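Each remark here refers to the structure printed beneath this line.
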Amino acid sequence: MPALTDVRGVPAAPTVRQPEALFHARGLTKTYHMGEVDVHALQGVDLDLFEGEFVVILGPSGSGKSTLLNILGGLDAPTGGAVTFRDHDLVAASERDLTRYRREHVGFVFQFYNLIPSLTAVENVALVTDIAEHPLDPREALERVGLADRADHFPAEMSGGEQQRVAIARAIAKRPDVLLCDEPTGALDAETGKLVLEALTRVNADLGTTTVVITHNVPIARLANRVLRMRSGRIVEVAANAERARPDELEW
């Protein structure tokens, strides 16, 4: 097949496919009214998140990280601005639409595991697969986070890191497009936290799940494709890692 040329007969430059923006946000604001005081949690945030990337959002408490994550996940609505997920307008969406959006597209991992104590690990994961259209098998989801041999154990029989990995398995079992993680290692020691981060990076690599991790723990940023720093409700810096570290290389 002959090379493509432009109208002058000069070989055309190859087309570089730009990654598709999964989220597109412009001018996001969020104000909480607390008595006579207004708290400006977000102040004009512009953000694009792309298919398959691993993003870490850094910032101190009160910088707006969790507020931003909750808006992206359809758990909260902005006071102003626009945010879309593919062709879904998350600002104009009804509560019913947001519920469906969360169920079909988003997996959440929080600092605390929220497992049901009376159910085994595999039963906790199955709660999600029962309502998903094309779920992973619950045992496969547990295998992907390194817990195949703990599937029939109850939360009380598991360590904190194992419980958090069950929570990750539960989140990915419905095959979400995006995994939103709010301080997933915040309640764990460093070595246990690395096991949890290994599970997250494996899911991102193997399933292509767009993964967003918010944390105040700066070394975790080395895992990311891109790092966003927030301060006082604004994104103040965006940086890309030339090389991504492995979780076992981190020190904190």
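None of the figures in this text is laboratory data; all of them are computed from the coordinates on show. Just so it is clear, the structure is predicted and the values come from calculations on it, not from any experiment. Glycine gets a Cβ as well: all are built from the backbone with ideal geometry, and neighbour counts include every protein chain shown.
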Q) So for the chain, Kirkwood radius off the Cα pairs, Stokes-Einstein at 25 °C and 0.890 mPa s: how many µm² s⁻¹? A) 127
Q) What are the lysines whose alpha-carbon lies under 18 Å from the alpha-carbon of LYS194, with same-chain residues fewer than 8 places away excluded? A) none
Q. Where Lys and Arg each count +1 and Asp and Glu each count -1, what net charge lies around TRP252 among other residues with Cβ under 13 Å from its Cβ?
A. -3
Q | Cβ crowding within 10 Å averaged over residues, with 64-73, 205-214 ranked highest first | A | 64-73, 205-214
**Q.** the chain, dipole about Cα centre (Lys/Arg Cβ +1, Asp/Glu Cβ -1), debye to the nearest 20
**A.** 560
Q) Using θ = phi - 60° and the Karplus form 6.51 cos²θ - 1.76 cosθ + 1.60, what ³J(HN,Hα) does each residue of the stretch 145-154 get, whole Hz, x for Gly and Pro? A) 10, x, 10, 4, 7, 10, 4, 9, 8, 8
(Q) Only bridges whose two residues both fall in the chain count here: according to DSSP, what percent of them are antiparallel, nearest 5? (A) 60
Q. Quick one: which of 169-175, 104-110 comes out on top by average Cβ neighbours within 10 Å, and what's the full order, highest first?
A. 169-175, 104-110
Q | Sum of side-chain charges, VAL236 neighbourhood, beta-carbon under 15 Å (Lys, Arg +1; Asp, Glu -1) | A | +3
Q: Considering Cα pairs under 8 angstrom that are at least six residues apart, work out the relative contact order of the chain and quote it in whole percent.
A: 25
